[in-house]
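All remarks here apply to the structure that follows.
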Amino acid sequence: MKRLFPIAFVLIIAVVSSCQRKGCIQPDPWLQMAHQKIIRTLQHLPDTALMPRMIPVGSKEWKTVGIYDWTSGFWPGILWYMAGFSGDSILLKQARHWTACLEPVKKMREKNHDLGFMMYCSFGNGFRLTGDSLYRNILLETADSLVTLFNPRVGTILSWPWQKQNRGWKHNTIIDNMMNLELLFWASRNGRPAYKDVAIRHALTTMKNQIRPDYSVVHVVVYDDETGKVDSLKTWQGASDKSMWARGQAWGIYGFTTSYRETGMKEFLTTARNLANHFIERLPADGVPYWDFDAPGIPNEPKDASAAAIAASALIELSSFIPDKDTASYYLHTACRILTSLATHYLAPDESDALLSHSVGSKPHNTEVDVPIIYADYYFIEALMRLRNMKNGTSD
């Protein structure tokens with residue numbers, strides 16, 4: 001979501017030029033389409049603090065959730081991206097309005113690890129575009145809440161506090177939590193320097209315990225909260241404890257790429273590349289994964305456009321960190337191939353408020369299966385914006 005890591009400008013130009021020769025997607029037409037849909041959505045979305053989350057089968061409008069849902073930050077984040085793209089003053093006003101609704105979330109101490117998703121996608125994008133000091137203060141308070149979940153004996157941020165009572169998991173960490181570290185890295189540059197150490201420790205512990213020898217990602221690691229030892233490896237949304245849940249793999253690529261950008265630690269770059277390579281080598285022909293790469297009914301299993309969009313966004317940024325031009329071009333071209341497939345075969349109908357169809361929330365729980373989901377749209381837009389900025393040689 002942020003700037004490019006310092007790298008030779010000539011290398012970026014060379015990689016982008018190579019990708020253009022191979023027929024990369026042009027982001028602006030799809031961003032313009034997104035702009036039109038979002039303007040239309042705002043015209044009939046109730047003026048409340050309820051945020052779009054998914055569109056049920058047979059419907060064309062978003063089903064909404066409260067501000068404490070883990071997905072609540074994606075709609076304001078979309079509005080910020082679109083305001084930045086279009087310069088539309090109406091969208092800027094709407095982005096401020098919907099973001100302000102989330103301010104109470106900053107005080108969720110010891111309750112929710114998803115504060116990064118909720119607040120950095122909203123207030124973080126807002127601060128990036130406006131520099132508003134109010135947003136800065138809210139983000140710092142949110143980071144203060146997030147670090148209360150860090151257990152120094154384990155070395156990770158607790159993911160689901162309620163699972164201690166529900167399942168006897170003393171301390172659990174899900175791969176999704178890598179996505180919340182960006183908030184802590186940001187906070188470390190804006191008045192909370194110690195939070196960088198927390199983020200690095202979490203990433204290192206996750207790298208050690210949550211990645212299998214074949215570079216597939218474990219969804220949940222359960223730890224002993226006193227000794228820090230690994231108790232068990234689990235899944236919650238994957239096909240099995242040993243399977244490769246598609247969105248989890250995408251979270252891993254994205255999270256370790258971010259960690260490298262923020263630290264320059266080469267082990268994070270190596271990890272991001274290994275996770276990306278394994279993801280890419282197992283992709284179906286159309287570049288969009290099934291909800292789990294090991295789902296038992298493939299090819300008669302739902303695809304997950306959200307996992308594809310997350311991975312595409314991560315691969316674009318990852319490509320900017322690779323010194324070898326051919327390898328960088330490979331990651332960027334793969335991201336373009338994924339985005340082209342999404343834009344060609346996974347678009348929601350014109351009458352739908354969503355951009356993408358065919359995402360999967362949790363197949364094992366039979367919830368949000370093969371429907372539009374807000375975070376798929378968010379990362380699709382983010383990926384297009386990253387590609388656009390890379391081509392234009394800008395960072396915002």
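The values are calculated or read from the model by the stated rules, or taken from the named source; none is laboratory data. None of these values were measured; they are calculated from a predicted model. So basically every Cβ, Gly included, is an ideal-geometry build from the backbone, and we count neighbours across all protein chains shown.
Of all the numbered requirements in (1) buried (at least 17 other Cβ atoms within 10 Å of the Cβ); (2) closer than 19 Å to Leu387 by Cα, Lys325 misses one, and that requirement is (1). Entry remark, the stretch 323-353: residues being in a loop (DSSP other than H, G, I, E, B), under 22 Å from Val57 (Cβ atoms) and either of a type in the set (Ser, Thr, Tyr) or out of contact with any strand residue (DSSP E or B) (no Cβ under 8 Å at 6 or more places or on another chain) (or both) number 5 in total. Number of residues in the stretch 209-264 that are within 15 Å of the chain's Cα centre (by Cα) and either of a type in the set (Gly, Ala, Ser) or more than 25 Å from Leu183 (Cβ to Cβ) (or both) equals 6.
If you go through the stretch 155-178 and keep only what is among the charged types (D, E, K, R) and either modelled with pLDDT of 95 or more or in a loop (DSSP other than H, G, I, E, B) (or both), you end up with Arg167, Lys170, Asp176. Against the test of being without any contact (Cβ under 8 Å) to a residue 40 or more places away in the chain and surrounded by fewer than 24 Cβ atoms within 10 Å (Cβ to Cβ), the options Pro284, Pro302, Pro296 yield a single qualifying residue, Pro284. What do you reckon, is Val198 touching a residue at least 12 places away in the same chain (Cβ under 8 Å) and over 27 Å from Phe123 (Cα atoms)? So Val198 does not fit the description; no.
Only one of the numbered conditions (1) buried (at least 21 other Cβ atoms within 10 Å of the Cβ); (2) among the β-branched types (Val, Ile, Thr); (3) closer than 29 Å to Val369 by Cβ is violated by Thr156, and that is (3).
Restricting attention to the stretch 56-68, the residues being surrounded by fewer than 22 Cβ atoms within 10 Å (Cβ to Cβ) and in contact (Cβ under 8 Å) with a residue 24 or more places away in the chain number 6. Of the helices (runs of 4 or more DSSP H) lying entirely inside the stretch 10-114, those containing at least 1 residues that are within 27 Å of Leu158 (Cβ to Cβ) and modelled with pLDDT of 95 or more span 74-86, 89-100. Give the stretch 46-60 a look and list any residue that's out of contact with any Gly (no Cβ under 8 Å at 6 or more places or on another chain) and more than 16 Å from Leu355 (Cα to Cα), or say none. If the condition is that a residue be out of contact with any Gly (no Cβ under 8 Å at 6 or more places or on another chain) and more than 16 Å from Leu355 (Cα to Cα), then Pro46, Asp47, Thr48 are the ones that fit. Just the residues that are in contact (Cβ under 8 Å) with a residue 24 or more places away in the chain and either loosely packed, with under 15 Cβ neighbours inside 10 Å or within 24 Å of Tyr120 (Cβ to Cβ) (or both), please, taken from the stretch 219-237. Of everything in the stretch 219-237, those that are in contact (Cβ under 8 Å) with a residue 24 or more places away in the chain and either loosely packed, with under 15 Cβ neighbours inside 10 Å or within 24 Å of Tyr120 (Cβ to Cβ) (or both) turn out to be His219, Val220, Val221, Asp224, Glu226, Thr227, Trp236, Gln237. Restricted to the stretch 310-338, and to residues there that are more than 18 Å from the chain's Cα centre (by Cα) and among the charged types (D, E, K, R), the residue that is nearest to Thr271 (Cα to Cα) is Asp324. Annotation note: Cβ proximity below 6 Å between a residue of the stretch 71-98 that is hydroxyl-bearing (Ser, Thr, Tyr) and buried (at least 24 other Cβ atoms within 10 Å of the Cβ) and a residue that is modelled with pLDDT of 95 or more and in a helix (DSSP H, G or I) (sequence gap 6+ or interchain) occurs for Ser72/Met118; Tyr81/Ile381; Tyr81/Met385.
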